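Values in this text are rule-based calculations from the coordinates and carry no lab data. None of the values given here were measured: they were computed from a predicted structure. Please note: Cβ atoms are built from the backbone with ideal geometry, for glycine as well, and neighbour counts cover all protein chains shown.
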Amino acid sequence: MRSADAPGLSGIHPAEKPILAFDTSGPWCSAALLNGPTLLDRRHAAMARGQAGALVPMLDALLADHHRGWHDIGAIAVGIGPGNFTGIRISVAAARGLALGLGIPAIGVSLFEVLAAQVAPDRRMLCSLEAPRGCACAQVLDRGEPQGTPCLIDPAAPPAGLLAGARVVIGHRAADIARALGAEAVAAVPEDPAAGIALIARQRLRAGARIGERPAPLYVRAADAAPPRAAPVPILP
């Protein structure tokens, strides 16, 4: 395993080549193409289902419209959640497969990180994302770096100590959470997720992210469906 702070065989650092980013963790299919610090294009389609069939055609069209091929990509960036279980699995599996087939790094980025970078990247804050049944997924980030393990909360009755030193709450039902904990509030939702994911991934690559690490889904809540009775198919490391 080698780190991304060394250029590949082409002599070009992965962060300076096109980065293809995508996310299907919510009711959408989102993609973006970043070239160095420049966002070349973004695509976003609202959809409650069907992302598995829509993702690759969207990526194909995005690359073709900018006269790029799959082998022009320097890295894959993917949203790892939290969000819809099936959607997260679709995008993470696609990212891992593309990275393996193309021999390029795949960088996983959470929606907590996208939200923090969008609102206040230089502060310590509690980020909140909408979850089913009136709940929220919450995690503290300090200057964009996740702190501790994310958890599922009731926004109307958040647990004491949740802020962990943060003074502001951003995201879903931020006002309710902040009121209960005596903090400031900023209402926001992750906007244009794939573009944010691409920019964060480039920062990580420039900082020396490990090329051989594989993105993994970020699940905060338990699955809604009952687990299958049959033994699961083993996944190779």
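Quick look at the values:
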{"quantity": "Per-peptide average of other Cβ atoms within 10 Å, ordering 96-104, 12-20 highest first", "calculated": "12-20, 96-104"}
{"quantity": "Gaussian network model of the chain, Cα within-10 Å springs - most flexible of 95, 194, 166", "calculated": "166"}
{"quantity": "Rounded FRET efficiency, nearest 0.05, which uses the C-beta distance separating residue 187 from residue 38 and R0 of 25 Å", "calculated": "0.25"}
{"quantity": "Beta bridges by DSSP in the chain, antiparallel share as percent, to the nearest 5", "calculated": "65 percent"}
{"quantity": "Residue-averaged 222 nm ellipticity for the chain, from DSSP H runs of 4+ at -39500 (n - 2.57), nearest 500", "calculated": "-8500 deg cm²/dmol"}
{"quantity": "Peptides ranked, highest mean first, by Cβ atoms within 10 Å: ranges 155-163, 123-131", "calculated": "123-131, 155-163"}
{"quantity": "Ranked by how many other beta carbons lie within 10 Å on average, peptides 29-41, 142-154, 173-185 from highest", "calculated": "29-41, 173-185, 142-154"}
{"quantity": "Theoretical gain in end-to-end length, residue 46 to residue 160 [0.36 nm per residue, Cα-Cα removed]", "calculated": "37.4 nm"}
{"quantity": "Rough spin-label spacing in nm, given labels placed 7 Å along Cα→Cβ, for residue 151 and residue 12", "calculated": "4.6 nm"}
